[in-house]
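First the structure, in the form of structure tokens, and then the observations on it.
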Amino acid sequence: MDRVAYINHDIDDAMRAGMLREDELPAQPIAVLGASGSARIDALVHDMVEHSERAGDIVQGPEAGPAMGMLREFMFEHVYLGPAARAEHAKIAGVVKRLFEHYVEHPELLPPTPTGASGGEDDLARRVTDYLAGMTDRYCIREYTELQVPRAFAR
């Protein structure tokens, strides 16, 4: 289910960032899944529930599965590994590095540690990594902005 949400949110994020236009999305998967993010999520979730129930396992149907695969391939080629993203990699790495350092310096800002966790230095690095990995792009940038940009300039 995470893949369903991520692919569609990433499409929306790429359009908001100007990296992608709606008319650039591949026609075949859009025809199968829908033109909007909410329509695609709805189609994929319904498809997965319907086909998984029949199969007794978590599966996608013969139309939706390949359509989602085509969308993923498109996103890797045009967005995740595309020229605009490659040009931004150094900036992105700087944002993630700075947030990592900040949370290692201030572990009290992390969600509580599960009971029974060891609490060592390696564990802290893992906790911070897991926390950062769970952030949405917008939340990550908001946290970085809050940390790095003076409030008077962030408006």
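The values are calculated or read from the model by the stated rules, or taken from the named source; none is laboratory data. Just so it is clear, the structure is predicted and the values come from calculations on it, not from any experiment. Cβ coordinates were reconstructed from backbone atoms using ideal geometry, including for glycine residues, and neighbour counts include every protein chain displayed.
Within segment 129-155, being of a type in the set (A, V, I, L, M), over 17 Å from the mean Cα position of the chain (by Cα) and assigned to a helix (DSSP H, G or I) holds for LEU147, ALA152. Summed over segment 17-37, the residues that are modelled with pLDDT under 90 and loosely packed, with under 14 Cβ neighbours inside 10 Å give a count of 2. The condition (being surrounded by 10 or more Cβ atoms within 10 Å (Cβ to Cβ) and within 17 Å of the chain's Cα centre (by Cα)) is satisfied by just one residue among ALA85, ALA125: ALA85.
Quick check on VAL32: is it in contact with a helix residue (DSSP H, G or I) (Cβ under 6 Å, 6 or more places away or on another chain), assigned by TED's automatic domain parsing to the domain that holds ASP123 and either free of Cβ contacts under 8 Å to residues at least 60 places away in the same chain or closer than 24 Å to CYS140 by Cα (or both)? So VAL32 does not fit the description; no.
Among residues of segment 119-136 that are within 18 Å of VAL95 (Cα to Cα), those with a beta-carbon under 7 Å from a residue that is modelled with pLDDT of 95 or more and hydroxyl-bearing (Ser, Thr, Tyr) at least six positions away or on a different chain give the pairs VAL128/TYR103; TYR131/TYR103. The number of residues in segment 121-143 being at pLDDT 90 or above, of a type outside the set (Val, Ile, Thr) and either in the same structural domain as ILE11 (by TED's automatic domain parsing) or within 24 Å of ASN8 (Cβ to Cβ) (or both) comes to 10. Taking first residues from segment 61-78 that are assigned by TED's automatic domain parsing to the domain that holds HIS46 and closer than 18 Å to ASP42 by Cβ and partners that are hydroxyl-bearing (Ser, Thr, Tyr) and modelled with pLDDT under 95, no Cβ contact under 7 Å between residues at least 6 apart in sequence or on separate chains turns up.
Taking segment 43-65, which residues are part of a helix (DSSP H, G or I) and surrounded by fewer than 14 Cβ atoms within 10 Å (Cβ to Cβ)? Once the filter is applied, which keeps residues that are part of a helix (DSSP H, G or I) and surrounded by fewer than 14 Cβ atoms within 10 Å (Cβ to Cβ), segment 43-65 yields HIS46, VAL49, GLU53, ARG54, ALA55.
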